[in-house]
1. Using the Cα gyration tensor of segment 118-191, with a ≥ b ≥ c the square roots of its eigenvalues, what is the shape: rounded (a/c below 1.5), prolate (a/b larger than b/c) or oblate (neither)?
2. Between helix 183-194 and the chain, what is the angle of the helix's C-alpha long axis to the longest principal axis, kept within 0 to 90° and rounded to the nearest 10?
3. Cut-off is 10 Å between beta-carbons; in what order do 79, 358 appear when sorted fewest neighbours first?
4. Does segment 136-259 come out rounded, prolate or oblate by the C-alpha gyration tensor, with a ≥ b ≥ c the root eigenvalues, rounded set by a/c under 1.5 and, if not, prolate when a/b is larger than b/c and oblate if not?
5. So what are the ³J(HN,Hα) numbers for segment 366-379, from phi and the Karplus equation (6.51, -1.76, 1.60; θ = phi - 60°), rounded to whole Hz, Gly and Pro as x?
6. For the chain, what is the relative contact order in percent, using Cα pairs closer than 8 Å and at least 6 residues apart in sequence?
7. Please compute the net charge surrounding residue 411, taking Lys and Arg as +1 and Asp and Glu as -1 over other residues with Cβ under 14 Å from its Cβ.
8. Pairing the Cα long axis of helix 92-101 with the longest principal axis of the chain, what angle in degrees results, from 0 to 90 and rounded to the nearest 10?
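Every number here is computed from the coordinates shown, using simple stated rules; none is lab data. Every value quoted in this text rests on a predicted model; they were computed, and no experiment measured them. Every residue, glycine as well, gets a Cβ built from its backbone with ideal geometry; the counts of neighbours run over all protein chains shown.
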Amino acid sequence: MKKTIIQYSFLLVLLALSNWAGAQQTPVDTTQRVNKQNKNSVAQQQKPYVILISADGFRYDYAEKYQATHLLELSKNGVQSASMIPSYPSVTFPNHYTIATGLYPAHHGLVNNTFYDKVKKEKYSMSAKDKVRDGSWYGGTPLWVLAEQQNMLAANMFWVGSEAAVKNVRSTYYYDYSEQIKVDQRIQTVKEWLSLPEERRPHFITFYVSEPDHAGHSYGPEAKETERAVKMVDSVIFKLTEAVKTTGLPVNFVFVSDHGMTSVDRENPIPMPTAIDLEKFIVPSSGTMVDIQAKDKADILPLYNELKKTAKDYDVYLKADVPAELHYSAKDDRMDRIGDIILLPHWPKVFSNRKPGVGYHGFEPLKVKDMHATFMAWGPAFKKNTKIPSFENVNIYPMIAQILGLKITDEIDGKKEVLQNILK
C-alpha cells in the first residue's frame, strides 16, 4: 500500500522521540581526548597560532543590528567583510565542514545535515553519533588533519568532522560534542592548551558556540531572545580573547558563522507533494529543500514530470539540471549523495505539513541575503581597519593554511588570492 507523506512524517516524529528518550538515559561523555605521542616539530613550534571560532547562525548583520560591542571593536582592529556567502545548502553540517576543508558540500560529501548514501545504503544524520564519528563519511582534508600531517598540533573544541578519524587522523586534542561542557570550561581549556610546553602546544584550534542559531529557530531573527543570544556570544568571544591574552602568545582569531537566519511564511507552508510515493522513493530531508532518492531509476522521470506540472511556489530539478552556481548538480556529486530530484521552495515558503517554526535557513544564498554569514578576523597576521566585500566561505581554508605555513596537499575549491589582501 502506498504510504502517505503524513504517515511518514508521523513515523519520523515517533522515531525522533524514541531517540531522544534513549539519549536521556545515556551518560554524557565530557572527556578530553588526547594523543600523548604527538609533538610539534621544531620548525612548527615557530609558527603562528590561529583560533577559528564559529557562532552557529550568526547572520551577517547581527553584530551591528544588535550592537555586539566587543566583536565590533575587535574587528575594527582587524578585518570585517560585508558578509560571508555560505555554500549550498546553507545549513550547519555542510558549511562547517566546507570552512574546514575548502570544498563545496557536494565535493566533500556532507551534502546536507541529513542525507542518504546510495553505496552504503545508509542515512547520515547529524544526530546519529555512530555516523558522525565514522571517518568514511567525510571527504577532503580538514585543517586540523592538514596540520597534524605536517607535524603541527591541532585542537578541536567542537567542529563538524572533528570527532571522526578523517584520513585516519584526528587532532591531538578534541572533545566529542556536548552542551554539558559549559562555555567557561571551554575557554579555560583553550587557555590551558596555549599554556602547554612548545612541543605540546596546539597552533590551530577550533571553537564552536551553538547560539544564536537556537534562538533564531525558536523565536526568529527579529526577536529579543535572538538579540540576547547575540550579546551572549559577544560576551563569550570577549572572555575568550581576554583569557588568551594572558598567555602572551601572538594568536590570530578568525570569527565566522555557518549561515544566517530568516523568517518564513508560517501561515502558508507548502504541503509535501502527494505524488511522492514513499514505497518508491526515499526522502531524507525537507523544509528548505526536498531531496528525493529513487529506489528504481525508472521512476525518476515520471515523478519529475508530474511534479513539474503541479509545482507551485517551488522549483523542480533533476540532479543534472540544478543551477551551476549552487555547485550541487550531478557533475559536482562526487560521492553520489544528492537526490535524483530536488525541490527548492521560493523564499519565504517552506515545505511542511504542519505550521512551521519561526526561523529557518537552508535557502539559496545568492537569492536570499538573510542566508549570509559573518566573517571577522584580527591578530598579528591581519591588517587593521580593513573592510572587504562579500566572499564565499570556501576561501577561509587557504587563508588559514597560509597563516600557519601549511602546504595544501589536495585540490580545493577555495582560492588563496581571494583573501590575500587582508594579510600583512
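1. Working: a/c = 3.50, a/b = 1.30, b/c = 2.69.
In terms of gyration-tensor shape, oblate.
2. 50 degrees
3. Details: 79 23, 358 18.
Neighbour counts put them in this order, fewest first: 358, 79.
4. Details: a/c = 2.39, a/b = 1.37, b/c = 1.75.
Here segment 136-259 falls in the oblate category.
5. For segment 366-379, the Karplus-derived couplings read 7, 9, 10, 4, 4, 6, 5, 9, 9, 9, 9, 8, 8, x Hz, x marking Gly and Pro.
6. Normalised by residue count, the contact order of the chain is 29 percent.
7. Once all neighbours under 14 Å are counted, the net charge is +1.
8. In the chain, helix 92-101 runs at an angle near 50 degrees to the longest axis.
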